[in-house]
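All remarks here apply to the structure that follows.
Computed from the coordinates by the stated procedures, all read-outs in this text should not be read as laboratory data. Here the structure is a predicted model, which is why all the values come from computation and not from measurement. Here Cβ is always computed from backbone atoms with ideal geometry, including for glycine, and neighbour counts include all displayed protein chains.
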Amino acid sequence: MPLSLIKTNSIAAGNITSALITSVANTAIVGRIATAQQPTGAVLQVVSTQPAGAISSTTANAILTSLSITPSSASSRILLFGSVEGERNGGSAGNYIFGQLRKNTTNIRGFMNAAGYQQTTGARNYNSFAYIDSPSTTSAITYDLWVDHTTSGAASGITWGWYSASIHALEIAS
């Protein structure tokens, strides 16, 4: 009769070989594999943010969305990707929007450079990004999508309506 429960340390090392395992059909694994034992490239955790509905900010120097992730290992990498969609609502054609993916308020990846430049009111822009960060910490990290605009000498600048913004962060074992 097969055993249904094996107590910890009750089988000597080397006693179970692949040839002795005939089926794992009714096997249940309880618990999880420790982070330190995950193979390189394994996804350890996923954190995502995507505000519901339109983002109301049309101002300059705005954070569209943000998230926090706490790496489980200092050697982990963080794969970040996401997108921003917006519509030009006004301003001089020479003005434009630019954005940054920031880590704890410091720019780590520019994107959306010159979005809306020489476009008319109503023009829409969709921008995506991907970035791999090596934070070397187990402390919480905040990533955000920040946008601003130029004025190219025009006092009124540019106004922009944001439809969506998202960030996805995957902690990857390395």
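Could you give the length gained on full extension between Ala12 and Ile63, defined as 0.36 nm per residue of separation minus the Cα-Cα distance, in nm? Display every interim value, and only then the final one.
Values: separation 51, 0.36 × 51 = 18.36 nm, distance 5.72 nm.
Gain on extension, Ala12 to Ile63, equals 12.6 nm.
Taking 25 Å as R0, compute the FRET efficiency from the Cβ-Cβ separation of Gln37 and Ala140 and round it to 0.05. Could the numbers behind the result be given before it?
Details: r = 24 Å, r/R0 = 0.94.
Here the calculated transfer efficiency is 0.60.
Quote the FRET efficiency, to the nearest 0.05, computed for Thr121 versus Ser48 with a Förster distance R0 of 25 Å and r equal to the Cβ-Cβ distance.
Working: r = 32 Å, r/R0 = 1.28.
That pair, Thr121 with Ser48, gives E of 0.20.
Could you please report the charge total around Ala123, scoring K, R as +1 and D, E as -1 over all other residues with beta-carbon less than 15 angstrom from its beta-carbon?
Details: positive: Arg88, Arg124; negative: Glu85, Glu87.
Charge balance in the 15 Å sphere: 0.
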